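Comments concern the structure below.
No value in this document is a laboratory result; all are computed from the given coordinates. Since the structure is predicted, the reported quantities are computational estimates derived from the model, not experimental observations. Quick reminder, even Gly has a Cβ in these numbers, built from the backbone with ideal geometry, and neighbours come from all protein chains shown.
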Amino acid sequence: MISTHHISLVGFMGSGKSTVGKALARILQRPLFDTDSLIETRKEKSVAEIFTAEGEAKFREYERQLLLELVNAPQPSVIVCGGGTPCFAGVMDILNAHTATFYLYTPVDILYARLKNEAAQRPLLQGKEDLQKFIETLLAQRELFYKQAKFIINTAGKTAKEIAEEAATASA
C-alpha cells in the first residue's frame, strides 16, 4: 500500500512543491525533506553558489546521493525535489521505485508569472532575455521525466492545501 511509503513531489521551479510539501507533511504528520534546502544546509552554500563554484553536474551528484539516503530511510516522509532533480542520473526511476511520485503540473503562464521576479535567485533563469520562452522550452524537456510520476496533479486554480489534500487522498 502506497501510504506506508515516502511521497515525493516533482515539477518545474515555481510549481509550488515546497509550499504543497509543507501542507502535505502537516496533513500526513510526516517529516518533510526539501532537497535544495538540505543540500544548502549540508554544503553551507546556496544552490546558486554551488552551481557557480562546483557546477551543475556536482550539484546533481549531491542531489542523487541525498535522495538515495532519503528514500531508504525507514520512516515515511514527504520529499520535495528540486525542479531538475528527476531529470538526471536515473533519479526518476529511483523515486518511482521507492516513493509515491506526484508531478505538480503548472501551466507555463502561471510559472512565468511566479518566476519573473525570482530570476536572480534561480541559477538557471539568470540572464535569460526571453524568460517565458526559456521556461516553455525547459519545461518541455523536463516533462519527459515529470510525466513518469505515478500521479499528476494540475495545480492551476488550486490552493496549496487543496493540492496537498488531493495528494494525501491519492496516496492513501
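Miscellaneous remarks
- Around Gln126: net Lys/Arg minus Asp/Glu count, Cβ-Cβ under 15 Å: -2
- The separation of the stretch 109-152 from the stretch 1-53, counted between C-alpha centres, amounts to 17 Å.
- Hz values of 3J(HN,Hα) by residue in the stretch 93-105 - Karplus curve (6.51, -1.76, 1.60), Gly and Pro given as x: 5, 4, 4, 5, 6, 10, 9, 7, 8, 10, 8, 8, 6
- The relative contact order of the chain comes to 38 percent, based on Cα pairs under 8 Å that sit 6 or more residues apart.
- Choice from Tyr112, Tyr103, Tyr146 showing the highest fluctuation, given a GNM over the chain with Cα pairs closer than 10 Å: Tyr112
- Amide H within-cut-off set for Ala100, under 5 Å, with H built and near neighbours excluded: His6, Ile7, Ser8
- Most fluctuating residue given options Thr35, Thr101, Thr52, as computed from a GNM of the chain linking Cα atoms under 10 Å: Thr52
- Order of Cys87, Cys81 - criterion: other Cβ atoms within 10 Å of each residue's Cβ, fewest first: Cys87, Cys81
- The string of couplings for the stretch 57-72 from the Karplus curve (6.51, -1.76, 1.60, θ = phi - 60°) is 4, 5, 4, 5, 5, 4, 4, 4, 4, 5, 4, 4, 5, 5, 6, 9 Hz, one whole number per residue in order, with x for Gly and Pro.
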